[in-house]
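Below: one structure, written as structure tokens.
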Amino acid sequence: MRHLLAGVALLTVGATCAAAQDTATVPPALASAYERLDAAWAEAPLGFTAATFVSGDVTGYGQYTPRADAVFAAGEPLVVYAEPVGFGHAATDDGFRVALAADYEILNPSGQVLASQSGFAELGARARVKIREFHTTLRFAFEGLRPGDYRLVTRLRDTASDKTGSFVLPFTVKAAAQAN
């Protein structure tokens with residue numbers, strides 16, 4: 001079945017600046033909280049505050065509609081919204097850069113890999129400050145999946161910190177309606 005599957009992933013990324021602030025103008029208690037957040041963020045593994053199939057357009061960070069179910073018609077695109085956390089920040093000449101590489105696998109119920117691709121997308125953002133609110137929208141189009149249950153494994157690799165995180169979204173491809 002591996003040769004029958006063709007995967008396409010399109011992506012959008014976004015970032016807003018809820019970030020580590022210049023503490024020179026921040027009240028001392030808040031500056032201390034930012035310092036503790038920076039330390040916890042650096043020590044944390046790459047994780048996700050959200051990872052879900054979505055319906056409709058994603059218009060920004062946290063601005064999405066979760067899909068009511070994970071049942072798809074054959075050939076229907078799978079659209080995934082994710083919010084990674086704990087990623088690294090690489091220094092640049094004018095601030096910082098977030099850089100993540102995305103991989104995926106499609107697994108059947110027994111765990112057999114039906115399709116996979118490493119580095120199918122490069123995700124990133126640049127800002128003058130260390131951003132914390134970062135999201136991505138991944139769109140997958142798979143041909144040749146028969147009706148049944150599957151798992152989409154999405155893995156992000158952080159090139160700024162060498163951290164890796166993944167999430168698994170179970171989904172079902174439904175059989176086509178029979179004409180009478």
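Taken about its Cα centre, the chain carries a charge dipole of about 320 debye when Lys and Arg each add +1 at the Cβ and Asp and Glu each add -1 at the Cβ.
From helices alone, the chain scores -3000 deg cm²/dmol at 222 nm; the rule is -39500 (n - 2.57) for each run of n ≥ 4 DSSP H residues, then divide by the residue total.
Phi-derived couplings, Karplus 6.51 cos²θ - 1.76 cosθ + 1.60 at θ = phi - 60°, listed residue by residue for region 68-82: 5, 8, 10, 10, 10, 6, 4, x, 6, x, 9, 10, 10, 10, 9 Hz, with x used for Gly and Pro. Distances between placed amide hydrogens fall under 5 Å for residue 74 paired with 174, all partners being 5 or more residues away or on another chain. Computing percent of Cα pairs over 29 Å apart directly from the structure and comparing it against (1) 23; (2) 33; (3) 29 singles out (3).
Laboratory data are not the source of any read-out in this text; all were calculated from the coordinates shown. Since this is a predicted model, take the numbers as computed values, not measurements. Glycine also receives a Cβ, built like all others from the backbone with ideal geometry; neighbour counts cover every protein chain displayed.
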